[in-house]
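Notes follow the structure.
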Amino acid sequence: MRADTPEASAAVLAAFRQGLSETGYVERQNITIEYRWAAQGEHDQLPALAADLVRRKVNLIAAASTPAALAAKAATATIPIVFETGLDPIRLGLVASLNRPGGNITGVTQLSSELLSKRLGLLHDVLPVAATIGFLRDQNYPGSDSQARDLQEAARTLGLQVHVVNAATDAEIDTAFASFANLRVGALVVGAGTLFTRQAKQLVTLAARHALPTFYQYREYVAAGGLISYGASLSDSYRQTGVYTGRILKGEKPADLPVLQPTKFELVINLKTTKALGLTVPPGVLAIADEVIE
């Protein structure tokens, strides 16, 4: 179950299936997957989708986004749930503890929001003259308010000003970039959100059109032409979700499986984009990059 479309989720679905295969499960051979999609990321569809899966008495619900995880948890306290989220699952109320999640739910977190201050610090290293920063927030994404607060707090410690602009639809992303241009921000940080993951190409295209240096959370944005990303591996997070799904189907209990956290964070830089923007990445930042795309 995911707040997205099958087309936009093809890569993460492949990673999820890889994780399943590592535990011996192959779709259409020894496992059947009932897919449920909230079209265009419309989160209000998710409770009904979760309730439908509960009625069908599925063996497990893999909730492949934060909104889907919250809907699944509200729908059942008995069917095992494996979630994938970019946010803190304790703050979301999904689990009581990372080490001992308890109940019928466990999963994988990328801790994307917790890395916002690190992204802002990298931005400041690359663009020390940018005193005004834009923050693009998916206002329908759970935890978006705390993301904005955390970034503003980090900005104050660096003496930076942050302008927060919301977007809830594809069209509003276009409008948001026009707002950032009017506000004359020197750089942009993109927040977590299924809308932004789905519209990665749109974000990258608009950033180039407005010549706006933009920092992202996933490598996929930079591979599509974005400037810089810093965060956990999205594909590995979904692979681990598939592994946990398989382990629980084989008999392990969610309460006994600690929530998995990333052990490695990727700094990815697109040098072609830096040149197009007329930027020079400091040697110290290039030296710590995990991948440089040329």
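The values are calculated or read from the model by the stated rules, or taken from the named source; none is laboratory data. Given the structure is predicted, the values throughout are model-derived calculations rather than measurements. Virtual Cβ from ideal backbone geometry, glycine too; neighbours counted across all protein chains shown. Areas reflect the complete protein model, heavy atoms only, side chains present, ligands, DNA and RNA absent. Shrake-Rupley method; radii C 1.70, N 1.55, O 1.52, S 1.80 Å.
To keep it simple, each residue is scored yes or no on (1) in a loop (DSSP other than H, G, I, E, B); (2) among the hydrophobic types (A, V, I, L, M, F, W, C); (3) open to solvent by less than 40 Å² (accessible area, probe 1.4 Å); (4) closer than 22 Å to G143 by Cβ.
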site	(1), (2), (3), (4)
L212	yes, yes, yes, no
P262	yes, no, yes, yes
K272	no, no, no, no
V292	no, yes, no, no
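Can you find a residue in the stretch 104-112 that is farther than 30 Å from A181 by Cα, surrounded by fewer than 24 Cβ atoms within 10 Å (Cβ to Cβ) and touching a strand residue (DSSP E or B) at 6+ places or on another chain (Cβ under 9 Å)? Yes, some residue in the stretch 104-112 is farther than 30 Å from A181 by Cα, surrounded by fewer than 24 Cβ atoms within 10 Å (Cβ to Cβ) and touching a strand residue (DSSP E or B) at 6+ places or on another chain (Cβ under 9 Å). Annotation: S229 fulfils all but one of (1) without any contact (Cβ under 8 Å) to a residue 40 or more places away in the chain; (2) farther than 17 Å from L111 by Cβ; (3) in contact with a helix residue (DSSP H, G or I) (Cβ under 8 Å, 6 or more places away or on another chain); the unmet one is (2).
The residue of the stretch 69-85 that is farthest from A232 (Cα to Cα), among those that are in a helix (DSSP H, G or I) and open to solvent by 20 Å² or more (accessible area, probe 1.4 Å), is A75.
A single entry from R184, R219, R247 fulfils the requirement of being within 19 Å of L123 (Cβ to Cβ), over 17 Å from the mean Cα position of the chain (by Cα) and of a type in the set (D, E, K, R): R184. Any idea which of L195, L188 is at pLDDT 95 or above and closer than 25 Å to H43 by Cβ? Selected residue: L188, the only one of L195, L188 that is at pLDDT 95 or above and closer than 25 Å to H43 by Cβ. If the condition is being within 30 Å of P101 (Cα to Cα), open to solvent by 30 Å² or more (accessible area, probe 1.4 Å) and in a helix (DSSP H, G or I), then the stretch 221-242 contributes S235, D236, R239, Q240.
In this structure, is L195 touching a residue at least 60 places away in the same chain (Cβ under 8 Å), outside any helix (DSSP H, G or I) and buried (at least 18 other Cβ atoms within 10 Å of the Cβ)? So L195 does not fit the description; no. Within the option set Q110, Q152, Q139, being touching a helix residue (DSSP H, G or I) at 6+ places or on another chain (Cβ under 8 Å) and at pLDDT below 95 holds for one residue only, Q110. Checking the structure you have, find out if any residue of the stretch 120-138 is open to solvent by 10 Å² or more (accessible area, probe 1.4 Å), more than 22 Å from T280 (Cβ to Cβ), part of a helix (DSSP H, G or I) and in contact with a strand residue (DSSP E or B) (Cβ under 9 Å, 6 or more places away or on another chain). No, that holds for no residue.
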